[in-house]
1. If you go through the stretch 40-58 one residue at a time, do you hit one that is crowded, with 21+ Cβ neighbours inside 10 Å, closer than 26 Å to N117 by Cα, in contact with a His (Cβ under 9 Å, 6 or more places away or on another chain) and at pLDDT 95 or above?
2. Working carefully through the options S11, S7, find the one that is at pLDDT below 95, small (G, A, S) and within 17 Å of H121 (Cβ to Cβ).
3. Scan R74, R30 and give me the residue that is assigned to a helix (DSSP H, G or I) and closer than 16 Å to A125 by Cβ.
4. Out of all the residues in the stretch 42-100, which are among the small types (G, A, S) and touching a residue at least 12 places away in the same chain (Cβ under 8 Å)?
5. For the stretch 6-28, does any single residue satisfy the condition of being touching a helix residue (DSSP H, G or I) at 6+ places or on another chain (Cβ under 9 Å) and basic (K, R)?
6. Assuming R128 fulfils every condition listed in (1) modelled with pLDDT under 95; (2) outside any helix (DSSP H, G or I) apart from one, which condition is it?
7. Output the number of the condition that E49 fails; it satisfies all remaining conditions of (1) in a loop (DSSP other than H, G, I, E, B); (2) more than 12 Å from the chain's Cα centre (by Cα).
8. Just one of A86, A96 is at pLDDT below 95, surrounded by 14 or more Cβ atoms within 10 Å (Cβ to Cβ), not in a helix (DSSP H, G or I) and not hydroxyl-bearing (S, T, Y); which is it?
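The values are calculated or read from the model by the stated rules, or taken from the named source; none is laboratory data. Bear in mind that the values here come from a model prediction, so they are computed numbers and not experimental data. Here the Cβ is made from the backbone with ideal geometry for all residues, glycine too, and neighbour counts use every protein chain on show.
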Amino acid sequence: MAVRSTSSSKSPQATRVLLVDDNAVGLAARRLVLEELGYKVTGVTCPVEALAVFGKQPFDLVVTDYKMPKMTGRELIRALRELEPALPIILISGYAETLGLTEKNTGATEVIAKSANEVQHLVRAVSRALALKVARKPPGAEAPKARRKSATS
């Protein structure tokens, strides 16, 4: 049974997701779920590579594992926030409860614990994160500033 996402005004086919997980099996499984929902997914197994890919193309959402070599998911989130502060980011971890990982202490939009219900949690988290992105005003959307009068007027 295919699950459909309806929370974003952007069609899933136009929504680009960067998926980061050093475990190839976990990466493939999550990628399959997100692609079945219609999202365009770019998967990488290294957070350093994720930063390089992120710098070359736009993404609407990032889903990352926590425990990876060279850089944790928390460190990746911090680096991504410096580049794009309002980017929705979902952190997935088998250590979420043990380490007390929360949205507040990781910088993630949402934290998901790896479990038997992970797929359902991921689908809902993606939907919520993209809905929040649509609801937020894009940078520069405030009222235009008054123009200074030129010396000739």
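1. no
2. Working: S11 fails: within 17 Å of H121 (Cβ to Cβ).
Step by step, each of S11, S7 is checked, and only S7 is at pLDDT below 95, small (G, A, S) and within 17 Å of H121 (Cβ to Cβ).
3. Answer to the selection: R30.
4. G43, A50, G55, G73, A79, A86, S93, G94, A96
5. Checked the stretch 6-28: at least one residue is touching a helix residue (DSSP H, G or I) at 6+ places or on another chain (Cβ under 9 Å) and basic (K, R).
6. Result: R128 passes all but (2).
7. In the conditions (1) in a loop (DSSP other than H, G, I, E, B); (2) more than 12 Å from the chain's Cα centre (by Cα), E49 misses (1) alone.
8. Among A86, A96, only A96 is at pLDDT below 95, surrounded by 14 or more Cβ atoms within 10 Å (Cβ to Cβ), not in a helix (DSSP H, G or I) and not hydroxyl-bearing (S, T, Y).
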